[in-house]
Amino acid sequence: MSGRALPRSRLDNLIPSLVEGQALIALVPATGELPWAAAAAWDVARAATCGGRRVALVDLLIETPTLHDVIGVTPTDGIVDAFEFGVSLNKTAHQVDGVFFIAAGSNPAHTGDVFANPRWRKLQGGFRVEGALLLLYVSAGGLARLSAVPDGLIALSPDGYEPESSIGQGIAAAMERGIPLLGVVRERWTPSPAAAAAVEAPPRASRAAPLSPTHGREAPKRRARPAVVAITLAAGAAGGWVLLATAGESFRARLGEATHVAPSSPPPHPVAAAPVPPPPLHVDSLPWTVQLAAYGTFEKALALADRLSAARRPAFIAPIATAGRSRAGTVWYRVLVGAYQSRDSAAAGRAALWRRGGAPRGQGKLLRAPYSLALAGPAVPDSLRARGIAPVRWGTGGLLVGAFETPEQAALARTQLKRAGVQATLVTRVGGRP
């Protein structure tokens with residue numbers, strides 16, 4: 001492993017000096033435990049605000065966004081909407097615990113275009129001018145495509161990472177681009193004196209001079225809670241997130257009627273942010289699945305699901321109510337196989353399905369559908385099938401119904417269960433690794 005160890009319990013003491021004078025820092029998850037990495041990224045962002053510095057955190061894990069769940073917001077718009085659809089960055093930002101958070105937002109038409117957008121360089125210049133800090137929560141692959149070159153990189157991994165791994169090689173490639181590795185956020189590990197001496201601490205960066213001036217349909221957006229605190233980007237006294245022709249995009253925070261505190265005048269006794277409790281060990285969220293088909297009748301969907309189950313590939317059946325132009329109230333029964341932690345693992349599962357003859361090669365849409373209905377009580381699958389409901393056994397005896405992209409999609413299945421006298425709770429799928 002390489003890089004300075006940054007124990008999570010000491011981030012409030014370590015991070016402010018580590019990022020001093022830098023405008024753009026990449027926070028790269030170097031672990032498969034994405035809920036842990038997201039919580040660690042949030043800890044880094046809050047620690048960076050100690051001393052009164054203005055900090056913005058952007059979720060660039062576009063295909064598997066998790067930061068909004070850790071922070072506790074469900075935003076409508078995010079960075080994708082700002083870059084692709086012209087939504088004001090001011091509208092996308094949520095102020096939580098002193099950090100301005102911008103979520104991933106809608107699914108982009110082309111993910112690479114978000115990373116390659118030239119506005120990243122302008123934002124980096126603007127944040128530098130204002131003495132503020134922009135944190136990007138981004139994968140090693142996304143970092144390689146980013147148009148701006150961050151001033152530093154912090155890896156996130158509870159047990160450290162191996163340089164020989166694919167993520168380690170991605171971090172090495174970033175360092176070859178001139179991005180210094182500032183450290184590795186770990187869980188509960190402090191190096192021994194010998195190990196500490198062997199790890200070279202990154203150089204303190206000097207303050208740089210200011211730069212010169214879903215299935216055939218659009219994926220739904222995530223909903224926002226109403227309280228959104230304004231962020232403004234300004235040139236001189238002008239307000240708003242402004243794309244400046246020469247000076248880049250600069251950052252200035254305005255919190256209601258509160259008086260602005262300059263970064264050079266920190267409060268005398270900064271209060272440490274409350275730590276986010278780590279997720280349970282060996283528990284991973286499983287939001288991704290593979291949609292093999294969508295039928296107009298439950299019987300056809302059930303026949304395919306039963307064939308998959310006979311081959312030990314349990315499949316979800318999700319009834320989705322849609323409104324077409326010719327008629328309202330159409331119901332499609334989606335057949336979705338598997339539950340995966342990431343889009344890449346879902347793609348690997350689909351490839352395995354093709355190899356083993358479970359589906360024709362080329363069939364299967366990768367879908368982020370994290371929600372299912374968990375049944376309460378001793379529900380009997382056969383009795384529910386007669387009502388157009390096909391539960392799937394999950395974990396130690398539990399039953400789940402459907403895999404849905406949004407809570408709203410689960411409304412029809414919830415109604416069916418209610419009519420059957422079965423209580424159901426909307427949950428996100430989780431499970432232990434084998």
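The values are calculated or read from the model by the stated rules, or taken from the named source; none is laboratory data. Note that the structure is predicted; figures quoted are calculated from it, not measured. Glycine also receives a Cβ, built like all others from the backbone with ideal geometry; neighbour counts cover every protein chain displayed. In case anyone asks, the SASA skips ligands and DNA or RNA and just uses the protein heavy atoms, side chains included. Shrake-Rupley method; radii C 1.70, N 1.55, O 1.52, S 1.80 Å.
Do any strands (runs of 3 or more DSSP E) entirely within region 1-98 hold 1 or more residues that are closer than 20 Å to E130 by Cβ, and if so, which? Let's see the steps before the verdict.
Numbers: elements: 5-7, 24-29, 55-59, 93-96.
In region 1-98, the matching strands (runs of 3 or more DSSP E) lie at 24-29, 55-59, 93-96.
Answer yes or no: is there a residue in region 127-134 that is more than 30 Å from S9 (Cα to Cα) and assigned to a helix (DSSP H, G or I). Break it down into steps so the answer makes sense when it comes.
Start the filter on region 127-134 by keeping residues that are more than 30 Å from S9 (Cα to Cα), which leaves 129.
Within this subset, residues satisfying the condition of being assigned to a helix (DSSP H, G or I) are 129.
Within region 127-134, one or more residues are more than 30 Å from S9 (Cα to Cα) and assigned to a helix (DSSP H, G or I).
Is there a residue being in contact with a strand residue (DSSP E or B) (Cβ under 8 Å, 6 or more places away or on another chain) and within 20 Å of A339 (Cβ to Cβ) anywhere in region 17-27?
Residues of region 17-27 that are in contact with a strand residue (DSSP E or B) (Cβ under 8 Å, 6 or more places away or on another chain), as a first pass: 18-19, 22-27.
Okay, now just the ones that are also within 20 Å of A339 (Cβ to Cβ), so none.
No: region 17-27 contains no residue that is in contact with a strand residue (DSSP E or B) (Cβ under 8 Å, 6 or more places away or on another chain) and within 20 Å of A339 (Cβ to Cβ).
Looking at (1) open to solvent by less than 30 Å² (accessible area, probe 1.4 Å); (2) in a strand (DSSP E or B); (3) of a type outside the set (F, W, Y); (4) modelled with pLDDT of 90 or more, which is the one condition that is false for D284?
All conditions are met except number (4).
Do you know which of the residues in region 2-53 that are within 30 Å of P370 (Cα to Cα) and among the β-branched types (V, I, T) is surrounded by the fewest Cβ atoms within 10 Å (Cβ to Cβ)?
T31
List every residue pair whose Cβ atoms lie under 9 Å apart, where the two residues are 6 or more positions apart in sequence or sit on different chains, the first residue falls within region 297-315 and is in a helix (DSSP H, G or I), and the second residue, located anywhere, is open to solvent by 30 Å² or more (accessible area, probe 1.4 Å) and aliphatic (A, V, I, L, M).
From residues that are in a helix (DSSP H, G or I), the pairs are F298/V331; A301/A294.
Every residue in region 90-121 that is farther than 24 Å from R368 by Cβ, surrounded by fewer than 21 Cβ atoms within 10 Å (Cβ to Cβ) and modelled with pLDDT of 85 or more, please.
Within region 90-121, the subset farther than 24 Å from R368 by Cβ is 90, 95, 97-100, 118-121.
So of that shortlist, the ones also surrounded by fewer than 21 Cβ atoms within 10 Å (Cβ to Cβ) come out as 90, 95, 97-98, 118-119, 121.
Passing the criteria: Q95, D97, G98, P118, R119, R121.
Taking R361, is it more than 13 Å from L417 (Cα to Cα) and either hydroxyl-bearing (S, T, Y) or assigned to a loop (DSSP other than H, G, I, E, B) (or both)?
Working: more than 13 Å from L417 (Cα to Cα): yes; either hydroxyl-bearing (S, T, Y) or assigned to a loop (DSSP other than H, G, I, E, B) (or both): yes.
Spelling it out, R361 is indeed more than 13 Å from L417 (Cα to Cα) and either hydroxyl-bearing (S, T, Y) or assigned to a loop (DSSP other than H, G, I, E, B) (or both).
Would you mind stating whether L57 is touching a Gly at 6+ places or on another chain (Cβ under 7 Å), at pLDDT 90 or above and open to solvent by less than 20 Å² (accessible area, probe 1.4 Å)?
On the way: touching a Gly at 6+ places or on another chain (Cβ under 7 Å): no; at pLDDT 90 or above: yes; open to solvent by less than 20 Å² (accessible area, probe 1.4 Å): yes.
It is false that L57 is touching a Gly at 6+ places or on another chain (Cβ under 7 Å), at pLDDT 90 or above and open to solvent by less than 20 Å² (accessible area, probe 1.4 Å).
Please state which one of L61, L67, L34, L89 is farther than 17 Å from P108 by Cβ and in contact with a strand residue (DSSP E or B) (Cβ under 9 Å, 6 or more places away or on another chain). Can you show your working first?
Details: L61 fails: farther than 17 Å from P108 by Cβ; L67 fails: farther than 17 Å from P108 by Cβ; L89 fails: farther than 17 Å from P108 by Cβ.
Matching residue, one of L61, L67, L34, L89: L34.
Condition test on V87, is it open to solvent by 20 Å² or more (accessible area, probe 1.4 Å), at pLDDT below 90 and under 12 Å from the mean Cα position of the chain (by Cα)?
Numbers: open to solvent by 20 Å² or more (accessible area, probe 1.4 Å): yes; at pLDDT below 90: yes; under 12 Å from the mean Cα position of the chain (by Cα): no.
It is false that V87 is open to solvent by 20 Å² or more (accessible area, probe 1.4 Å), at pLDDT below 90 and under 12 Å from the mean Cα position of the chain (by Cα).
Working only within region 164-189, note down all residues that are over 10 Å from A30 (Cα atoms) and open to solvent by 40 Å² or more (accessible area, probe 1.4 Å).
Once the filter is applied, which keeps residues that are over 10 Å from A30 (Cα atoms) and open to solvent by 40 Å² or more (accessible area, probe 1.4 Å), region 164-189 yields E164, Q169, A172, A173, M175, E176, R177, G178, P180, R188, W189.
What's the total number of residues in region 60-84 that are open to solvent by 40 Å² or more (accessible area, probe 1.4 Å) and touching a His at 6+ places or on another chain (Cβ under 7 Å)? Talk me through it step by step, then tell me what you get.
Quick first cut of region 60-84, residues open to solvent by 40 Å² or more (accessible area, probe 1.4 Å) only: 63, 69-70, 72, 74, 76, 84.
When the remaining residues are screened for being touching a His at 6+ places or on another chain (Cβ under 7 Å), the result is 74.
Within region 60-84, residues that are open to solvent by 40 Å² or more (accessible area, probe 1.4 Å) and touching a His at 6+ places or on another chain (Cβ under 7 Å) number 1.
Being surrounded by 12 or more Cβ atoms within 10 Å (Cβ to Cβ) and modelled with pLDDT of 90 or more narrows it down to one residue among V392, V430, V401, V422; which is it?
Working: V392 fails: modelled with pLDDT of 90 or more; V430 fails: modelled with pLDDT of 90 or more; V422 fails: modelled with pLDDT of 90 or more.
Every option except V401 fails the conditions.
Which residue pairs have Cβ atoms closer than 8 Å, lie 6 or more positions apart in sequence or on different chains, and pair a first residue in region 160-180 that is modelled with pLDDT under 90 with a second residue that is acidic (D, E)?
Close Cβ pairs (under 8 Å, with a partner that is acidic (D, E)) amount to G168/E162.
Taking the residues in region 131-163 that are open to solvent by 40 Å² or more (accessible area, probe 1.4 Å) and of a type in the set (D, E, K, R) as candidates, determine which candidate is nearest to A23 (Cα to Cα).
In this case the residue turns out to be R145.
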